[in-house]
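Since the structure comes first, as structure tokens, the remarks are kept for the end.
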Amino acid sequence: MKLYTYFRSSAAYRVRIALNLKGLAFETSAVHLLRAGGEQKTPEYRAINPLGVVPSIEIDNGVITQSLAIIEWLEESYPRVPLLPTDAAGRARVRAIAQTIACEIHPLNNLRVLKYLTDNLGVTEQQKKQWYQHWVREGLLAVENMLATDNATGTFCHGETPGIADCCLVPQIFNARRFGCELLEFPTITRIVEACESLAQFNDASPERQPDAE
């Protein structure tokens, strides 16, 4: 498998965690999202991923795009280390947490959106930061409530082993810290992230440990 990635992409970070949790070997190909206007915009990469985003993963019979689709494919193809619960209600809960992060928080704050705010709409750097912090707080308040009020929450987002929700949560908190977001309102999230960050699979996937880290 070849993973097209960028060290600071939270979506690629999710997939790296999932691959590590499953103990799968993979090759990486760095796609620099800022250099020369963004390598993701080149015709060569658009042929791999028409949307021009990371991650993408090359497998024997093609390419899969979108981080959650990649992780679900990994779950179905390599079930030995499960990232989803065995029961339908548990799987739905984990997917809901993951999608709250990946579909509600992240899209409002990814690089394309932030660059459009400043480059096209004339938003200042301070206003961009306020935008980021507002939408992160809104989303994390919901995630904190989902975790803190449900007995299914354990050491990790669901029970005592990390799963897809944790794969999404840790990169989102990495980004929140990078943009100076206040996290005191989210004690359950903070506790879970600390548990995840104590594991080698999460640490080895972290941005600063990637070959393309700057």
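Rule-based calculations on the coordinates, nothing more; no lab input. Just so you know, these numbers come straight off a predicted model, no measurement behind them. For neighbour counting, all protein chains shown are included, and Cβ atoms are generated from backbone atoms with ideal geometry for every residue, glycine included.
Points worth noting:
- The order of the peptides 40-51, 15-26, 200-211 by mean Cβ neighbours within 10 Å, most packed first, is 15-26, 200-211, 40-51.
- Rounded to the nearest whole Hz, the Karplus-based 3J(HN,Hα) values (6.51 cos²θ - 1.76 cosθ + 1.60, θ = phi - 60°) of segment 187-192 follow the sequence x, 5, 4, 4, 4, 5, with x at glycine and proline.
- For Leu34, nonlocal amide neighbours, meaning residues 5 or more places apart or on other chains whose placed amide H falls under 5 Å from its own, are Glu39.
- Phi to ³J(HN,Hα) by Karplus 6.51 cos²θ - 1.76 cosθ + 1.60 over segment 115-122, Hz, x for Gly, Pro: 5, 5, 4, 7, 7, 10, 9, x
- Cross-link partners of Lys115 among aspartates and glutamates (Cα-Cα below 16 Å; sequence separation of 8 or more within a chain): Glu39, Glu125
- For Arg91, net neighbour charge (Lys/Arg +1, Asp/Glu -1) across residues whose Cβ lies under 13 Å away: -2
- Expressed to the nearest 5 percent, the antiparallel share of DSSP beta bridges inside the chain is 65 percent.
- Among the listed pairs Lys41/Lys129; Lys22/Lys129; Lys41/Lys128, those beyond 30 Å (Cα-Cα): Lys22/Lys129
- In order along segment 24-32, the Karplus-derived 3J(HN,Hα) couplings, from 6.51 cos²θ - 1.76 cosθ + 1.60 at θ = phi - 60°, round to 9, 7, 7, 8, 10, 10, 6, 10, 6 Hz, and Gly and Pro are given as x.
- Distance from the C-alpha centroid of segment 1-42 to that of segment 152-189: 20 Å, rounded to the whole angstrom.
- Percentage relative contact order, segment 120-214, counting C-alpha pairs under 8 Å, at least six apart: 28
- Remark: the chain carries a charge dipole of roughly 380 debye about the Cα centre, counting +1 on each Lys and Arg Cβ and -1 on each Asp and Glu Cβ.
- The amide H of Ile59, built 1.01 Å from its N in the peptide plane, has Ile64 as neighbours under 5 Å, considering only residues 5 or more places off or on other chains.
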